[in-house]
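The block underneath contains the structure these notes are about, expressed in structure tokens.
The values are calculated or read from the model by the stated rules, or taken from the named source; none is laboratory data. The shown structure was predicted, so the numbers you read here are calculated from the model rather than taken from an experiment. Because the Cβ atoms are built from the backbone with ideal geometry, glycine has one as well, and the counts that use them run over all protein chains shown. We work out accessible area using only protein heavy atoms, side chains counted, and drop any ligands, DNA or RNA first. Shrake-Rupley method; radii C 1.70, N 1.55, O 1.52, S 1.80 Å.
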Amino acid sequence: MPSRKFADGEVVMGRWPGSVLYYEVQVTSYDDVAHLYTVKYKDGTELALKESDIRSQSSFKHRKSQSSSSSPSRRSSSRSRSRSRSPGRPAKGRRRSASQSREHKDDKKKTIQETSLALAVLVLFKPSENNTKRYNGEPESTEKNDTSCIILEQKLKPDLEIKRVLEQYSLRSRKDDKKTEEIFSEKKTFVAVKPIEKVPSKTKELEFGGRIGTFMLIFLLPATVFYLLLMCKQDDPSLLNFPPLPALESLWEWRVFGIFLLWFFLQAVFYLLPIGKVVEGLPLSNGRKLQYRINGFYAFILTAAAIGVLLYFQFELHYLYDHFMQFAVSAAAFSLALSIYLYVRSLKAPEEELAPGGNSGYFIYDFFTGHELNPRIGSFDLKYFCELRPGLIGWVIINLAMLLAEMKIHNLSMPSLAMILVNSFQLLYVVDALWNEEAVLTTMDITHDGFGFMLAFGDLVWVPFVYSLQAFYLVGHPTTVTWPAAAAITVLNCVGYYIFRSANSQKNNFRRNPADPKLANLKFIPTATGKGLLVTGWWGFVRHPNYLGDIIMALAWSLPCGFNHILPYFYVIYFICLLVHREARDEHHCKQKYGLAWERYCQRVPYRIFPYIY
């Protein structure tokens, strides 16, 4: 095993990935397996560099002292030169000394090289790619637009003329010219240099309470789902009225489990259909981009057609309501089996395919958070499929089953106004998610979290059986809603939806194409990673406006259930806690990723979710 050259805490010069520019960095750690140094730049950016990309400060000082003195070959060549005056020489009466001439030419040479490097950076980091033009994250102005590159190019044009003149009347020997050309050709190659591949290191900071917290959540989450469903069956679903536990044999039925499997694999078949466009996700740690087929909305249309056929042939969809607890148990058992499979297969996954947040080395923690980032069977992406298909579409089917069950149990010719509001609001939410399916590729679930028990249980059990809690509650506890109240609740939901959708669209469009003319009015803070932090629009109002819209909609979904019990408001209470916790995770990751730029963003946008409150 090769010994490390630089110690932790040592201040060295680190090469910025993909360039020949070196900056002062501090070594923070060393990975013995990947042989990579983790270094920290002055702006707070942390990167993993190879030992060949790091040099000591003394080597740079030594080179500087050498360049300032003339070489022996240069002195000998100057003696052998013709004494006749060349076009590039000054007149005899105003001729400068040799040292002054060399200093002047060295300054010109330095200016030319800096100008050429600046132009190369300009070519590499175009405005359409939303990069900073400054490697260390310290831009001259904190807000940028596309005209800055044009101004820079105009400023550099005079330097190009100087370079042309000096090349034409150079007094250097051909040997020095050849050496300079070799050095400069090496500097030009950095435009095509492939960035270094970052190998995921061990997860050091554990979330969700670490090993103990994740172990408890594996049991607490299913227990919470079953408790909520049992409470909704109670005549008095108050918190103090704990429901009786059902017999274990009544919780399982193979026919129900077979129907759940049929539903899951039907959605898998819809996912594999060659319809819809294929897009690329965000770059992985090794620079590779995975491809995803966007056909969730088509799967929803096909599912709706299949349900319509079943209803036409008088299939009793309220069967789902009668066996709701058994369906929940079947989904929980399937998600547990899927999680075990995911962890076992992740043990053979390459190091570069492991999740940044689920590579701790602790079995329970990695099992819960997910050890592998993007587990796939061929082109079938398991995490991406479960994110929107079985659970989210299943949520709409469950709501429809509750609506039909309410009409049958209470002998209604049409569903209640409260049930219509709940179904309509949540149908809009699901259709919007499927219509904008491509936006999920930029979420933390896809880019950071692995696919383990947390997401498997959340997608297949928590979403369909907890998010439909309001509709399930209204079946056994009908609530009368007046038309003025219904109108006010509808307006509230529309406001929340408008904030949620416009904020997400603004963010996704900016990430996909920051040079879009429609986004010309948006200002942003450039970062050392090449991405920008929006400081205008919704993202200049609060740091997470999409979370604000989500919470407003969650409240609108609960209000049709009345105020007799707090149970239907569990969703909005849970959702506030979830989004506050997720915002804290985002805050931590963004601070590590963007460094000083994130601190500037927080100063510009002080409120996290709720304006003037939090």
Taking a crude spin-label model, label points 7 Å out from Cα along the C-beta direction, the HIS581 to ILE566 distance in nm is 1.8 nm
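Say R0 is 25 Å: what FRET efficiency, to the nearest 0.05, do LEU428 and HIS323 get from their beta-carbon distance?
Values: r = 28 Å, r/R0 = 1.11.
Given R0 = 25 Å and the Cβ-Cβ separation, E is 0.35.
Quick one: pull the percent of accessible area on the range 208-479 belonging to carbon and sulfur, 1.4 Å probe, ligands and nucleic acids left out. Don't jump to the answer; show the numbers that get you there.
Numbers: 8180 of 11870 Å².
With neighbouring chains kept in place, the figure for the range 208-479 is 69 percent.
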Over 22 Å between alpha carbons, listed pairs LYS42/LYS202; LYS5/LYS50; LYS523/LYS593: LYS42/LYS202
Roughly how many Å² is the accessible area per residue of the range 406-549, as a whole number, for a 1.4 Å probe? 38 Å²
Could you tell me the accessible area of GLU599 in Å² (1.4 Å probe, neighbours in place), rounded to the nearest ten? 90 Å²
For LEU245, the accessible surface traced by a 1.4 Å probe with all protein chains present amounts, in square angstrom to the nearest 10, to 140 Å²
With each label point set 7 Å from Cα along the Cα-Cβ vector, what nm distance links CYS602 and ASN241? 4.7 nm
Quick check: the distance between the Cα centres of the range 204-267 and the range 441-494, to the nearest angstrom? 16 Å
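Using heavy-atom solvent-accessible surface (probe 1.4 Å) with all chains present, what is the largest-first order of HIS589, HIS477?
HIS589, HIS477
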May I ask you to give the percent of accessible area on the range 481-613 that is carbon plus sulfur, with a probe radius of 1.4 Å? 64 percent
